[in-house]
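Here's the structure we're looking at; comments come further down.
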Amino acid sequence: MNSKMTSASPTNAKATRQIVKALGEEPAFKAGDRVRISVRYPVGHYRVPIYMRGKRGTVEKILKPAAINNEEEGFGRNAGSKGFYYRVAVPLTELWPGYAGPPQDRLVIEVFETWLERI
Amino acid sequence: MATHDHDHEHPKSADEPAPGYYEIMETALRELLIDKKLIGPGEIRRQIEVLDSRTPALGAKVVARAWVDPEFRARLLANGRAVCESDFGISFYDDTQLIVLENTEKIHNVIVCTLCSCYPRPVLGLPPDWYKAKEYRARAVKEPRAVLSEFGTDIPEDVEVRISDSTAMVRYLVLPQRPAGTGNSTEEQLAALVTRDAMIGVVKVNLENRNTL
Amino acid sequence: MNQTEALVKRLPNDIGGLPADRIQQTDHQLLPWEKRCHALADVLDFHKIINTEEKRRGVEQLGGEMVGKLTYYERWIVVFAFILFEKGILTPDELAQKMKQVEARNNGQAIT
């Protein structure tokens, strides 16, 4: 007996539901998520400017594919242990108390996942 | 002692200043790396040719095409690097990606790299000194409108100024608004209007600021 | 807070938002050695002998005085030396000897 395997067949659907992704394959955040940039002070190389620490913003875009943490890349990691960077939008009024420009002005910056907290 | 293929050596004329400390260091490092076969003898020369071939004229062509061809524009905004490569042969010789930021009636984009000097070199060439200097990097993220004013650009209060600070592997190219009165221009004429500074976002494209290059 | 902590916590290149003067809209044509230096950076990154992020980190490690006083490409070439030493690719003495040879060659002197 020949059963045709179409994409709608029950057996295929079950197989698709059973796919398990590896840790880190699925981005933790999605566009629209509210996030806060962590507050910590690495010794040496970092790529999150101090003006961003503790600021709250919105994830605008997931940058794909996953890539190396550039804070580790700075010490010679050229492969492995990849994660996601996100473009995060932050109002300038959030960054600078007393910002003189209109409230809709924004900054957008790439932040690696290890620096983002969900709020 | 073996002779070396001294990459890019040229006879010094009487007027040229003697190489200084850092130039001597550069020459020494390059020769040592070639001696140790860590880099090939022609690689530096070749990469100089690559760098010399990348100028704002490339970016200007991309912008002009986006102005006249909505389908190209849509593809460009979806994947800047891939479309620059496929449609114009602008190869990205490093590991960077490109996001093209579209200026509209409501949003004016500006790019900066506060931490260093990230810049879309494959499509614009090397950045100007002011882009890499402290004043621009410190102030563009804090008072972008004041910075734009110094370049003669005033953005209305109801338009959002959106400043992108590069920190990772993505590079940005601003797609400026097409100026009024260019409805009959050819793509080539349009490209001649687009300056490097317009693709950084510190100026708009207008009919008075033609490229003289 | 210990006042020196700020020197460790804020890298010399992390200047976003700090007070600064009017922008000087200057530019210069790269000197030949600067262009060779830029090309060298690209070639080193391509081979992952020194990747671009390592170069950035190296410049940060030069510290505020050197970052402030050396020009853009002067910083790069010094950083390349440091990182090549760190990786055991070159020794300081090898570089010093070669620099002496290059200088002698430039002066038209016999190489000793």
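Derivation of every value follows stated rules applied to the coordinates shown; laboratory data play no part. Predicted, not measured: the structure shown is a model, and the values here were computed from it. Neighbour counts run over all protein chains shown; Cβ positions are idealised from the backbone, glycine included.
Could you work out the helix-only [θ] at 222 nm for chain B, with each DSSP H run of four or more residues adding -39,500 (n - 2.57) and the total divided by the number of residues, to the nearest 500 deg cm²/dmol?
Calculated from helices alone, the mean residue ellipticity at 222 nm is -11000 deg cm²/dmol.
If you count, for every residue in A:96-106, the Cβ atoms of partner chains within 10 Å of its Cβ, what is the mean?
Average neighbour count from other chains, rounded to a whole number: 5.
Which of A:Phe112, C:Phe80 comes first, and how do the rest follow, when ranked by fewest Cβ neighbours within 10 Å?
Ranking A:Phe112, C:Phe80 by Cβ neighbours within 10 Å, fewest first, gives A:Phe112, C:Phe80.
Let me have the relative contact order for chain C, percent, based on Cα pairs under 8 Å that are six or more residues apart.
Reported relative contact order: 21 percent.
Using a Gaussian network model on chain A with a 10 Å cutoff between Cα atoms, which of A:Arg56, A:Arg87, A:Arg40 fluctuates the most?
Judging by the Gaussian network model, the answer is A:Arg40.
Sort the stretch B:54-200 into rounded, prolate or oblate with this rule: let a ≥ b ≥ c be the square roots of the eigenvalues of the Cα gyration tensor; rounded if a/c is under 1.5, and if a/c is not under 1.5, prolate when a/b is larger than b/c, oblate otherwise.
Oblate, since a/c reaches 1.5 and b/c is not below a/b.
For chain B, modelled as a Gaussian network with Cα springs under 10 Å, which listed residue fluctuates most, B:Lys37, B:Lys142, B:Lys61?
Among B:Lys37, B:Lys142, B:Lys61, the largest mean-square fluctuation in the Gaussian network model of chain B belongs to B:Lys37.
Quick check: convex hull of the Cα atoms in the stretch B:54-134, volume per residue, rounded to a whole Å³?
It comes to 109 Å³ per residue, whole-number rounded.
Calculate the FRET efficiency for A:Ala31 and C:Asn107 from the Cβ-Cβ distance with a Förster distance of 45 Å, rounded to the nearest 0.05.
FRET efficiency, A:Ala31 to C:Asn107: 0.15.
Would you mind telling me which residue in A:Val43, A:Val59, A:Val108 has the biggest mean-square fluctuation in a Gaussian network model of chain A, where springs connect alpha carbons within a distance under 10 angstrom?
A:Val43
What angle, in degrees between 0 and 90 and rounded to the nearest 10, separates the Cα long axis of helix B:56-68 from the longest principal axis of the Cα atoms of chain B?
30 degrees
Working out 0.36 nm times the residue gap between B:Lys36 and B:Phe72, then minus their Cα-Cα distance, what length gain in nm do you get to one decimal?
Contour length minus the Cα-Cα distance gives 8.3 nm.
Just want to confirm a number: the relative contact order over the stretch A:27-118, from Cα pairs under 8 angstrom separated by 6+ residues, in percent.
Relative contact order comes out at 32 percent.
Which whole number gives the average count of other chain Cβ atoms within 10 Å of the Cβ atoms across peptide C:19-32?
Counting other chains' Cβ atoms within 10 Å and averaging over C:19-32 gives 6.
Going down the list B:Lys134/C:Lys87; B:Lys61/B:Lys204; B:Lys106/B:Lys204, which pairs span over 21 Å between their C-alpha atoms?
Violating the 21 Å Cα-Cα cut-off are B:Lys134/C:Lys87.
What does the charge dipole of the stretch B:18-87 about its Cα centre add up to, to the nearest 20 debye, if the Cβ of each Lys and Arg holds +1 and the Cβ of each Asp and Glu holds -1?
Charge dipole of the stretch B:18-87: 220 debye, to the nearest 20.
Using the number of other C-beta atoms within 10 angstrom as an exposure proxy, rank A:Met52, C:Met99 with the fewest first.
C:Met99, A:Met52
Exposure proxy check: C:His28, A:His45, C:His47 ranked by fewest other beta carbons within 10 Å?
C:His28, C:His47, A:His45
Quick one: which of B:168-177, B:63-72, B:152-161 comes out on top by average Cβ neighbours within 10 Å, and what's the full order, highest first?
Packing proxy ranking, top to bottom: B:168-177, B:63-72, B:152-161.
Can you list the aspartates and glutamates whose alpha carbon sits under 20 Å from that of B:Lys37, skipping same-chain ones fewer than 8 residues off?
Once the sequence-local aspartates and glutamates are set aside, what remains near B:Lys37 is B:Asp5, B:Asp7, B:Glu9, B:Glu26, C:Asp42, C:Asp45, C:Glu86, C:Asp93, C:Glu94.
Return the distance in nm (one decimal) between the two label points of a simple spin-label model at C:Thr71 and A:Leu23, each offset 7 Å from Cα along Cα→Cβ.
5.0 nm
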